[in-house]
């Protein structure tokens with residue numbers, strides 16, 4: 001089974017990684033910039049970024065000696081579509097079912 | 001008021017409750033009869049069911065494709081057990097097109113006055129999948145529908 005969403009979901013379950021994603025929504029940032037708000041080591045941030053890259057959540061480019069990270073929106077959009085599907089399907093469906101149940105008495 | 005209520009259930013579950021103004025027999029039938037399903041299980045406004053297989057017996061196949069213009073998504077799964085008119089157990093996953101983690105769903109219909117209280121228990125494969133389902137909802141500004149989940153998280 002081509003289950004590429006599970007690594008993304010697992011990656012998102014960590015609060016530090018979600019905070020990194022929040023920061024990246026403001027735009028591209030270096031690993032050093034991303035590490036600054038956290039009380040954790042640079043290698044620890046690098047490990048988080050590696051997991052997130054592997055899960056398809058972020059991507060990076062080289063800028064001299066720095067690596068510049070940015071969001072990879074495709075994967076987030078897929079997860080969002082899943083959630084949206086559940087919410088929208090359930091809400092819209094049940095209103096329609098109400099009407100159907102009321103109709104055929 | 002007949003509105004959908006969603007709460008967390010243990011580490012890996014989500015509990016949905018909804019009341020319907022019809023007896024369990026009718027609500028159960030609406031959940032298993034393909035001609036009835038086609039009339040309500042359409043998803044958001046603008047979407048239609050372009051393909052449906054819904055073989056409501058143990059082991060029976062579930063396959064639904066929804067379309068809206070150029071866009072489409074599908075659901076696949078199977079029935080585990082059915083106890084008319086009170087209980088349905090099935091497994092489902094969405095294809096976006098990559099498959100989402102399997103969602104094991106137990107749906108129960110109990111008489112509630114002259115209506116039915118539906119209780120639907122969703123079980124995701126692990127806490128990460130469940131929490132991420134909620135966390136990403138907040139991330140991407142979909143908080144409206146998940147406010148009640150957030151309050152309990």
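Taken together, the values in this text are just the output of simple stated rules run on the coordinates, not laboratory data. Here the structure is a predicted model, which is why all the values come from computation and not from measurement. Reconstructed Cβ throughout: ideal geometry from the backbone, glycine too, with neighbour counts over all protein chains shown.
Evaluate the Kirkwood expression for the hydrodynamic radius of the stretch A:5-103, namely the inverse of the mean inverse distance over all pairs of different C-alpha atoms, and round to one decimal in Å. About 15.3 Å, per the Kirkwood formula over Cα pairs.
Which FRET efficiency value, to the nearest 0.05, do you get for residue B:80 and residue A:16 by plugging their Cβ-Cβ distance into 1/(1 + (r/R0)^6) with R0 = 35 Å?
Working: r = 38 Å, r/R0 = 1.08.
Computed FRET efficiency for residue B:80 and residue A:16: 0.40.
Highest mean packing first, where packing is the average number of other Cβ atoms within 10 Å per residue, the peptides B:76-82, B:18-24 line up as B:18-24, B:76-82.
Residues of A:9-20, mean number of Cβ from any other protein chain within 10 Å of their own Cβ, rounded to a whole number?
Values: counts 13, 7, 2, 8, 10, 4, 2, 0, 1, 5, 0, 0.
Averaged over the peptide's residues, the number is 4.
Between residue B:71 and residue B:89, the simple spin-label model (points 7 angstrom out along Cα→Cβ) gives 3.5 nm. Counting, for every residue in B:86-97, the Cβ atoms of other protein chains within 10 Å of its Cβ and taking the mean gives 2.
Averaged over its residues, how many other protein chain Cβ atoms are within 10 Å of peptide B:98-108's Cβ atoms? Could the numbers behind the result be given before it?
Numbers: counts 12, 7, 11, 6, 2, 2, 0, 0, 0, 0, 0.
Mean shielding count: 4.
Expected output is a single nm value to one decimal: the length gained when fully extending between residue B:9 and residue B:121, i.e. 0.36 nm times separation in residues minus the C-alpha distance. What is it? Let's see the in-between values first.
Details: separation 112, 0.36 × 112 = 40.32 nm, distance 0.79 nm.
Roughly 39.5 nm would be gained on extension.
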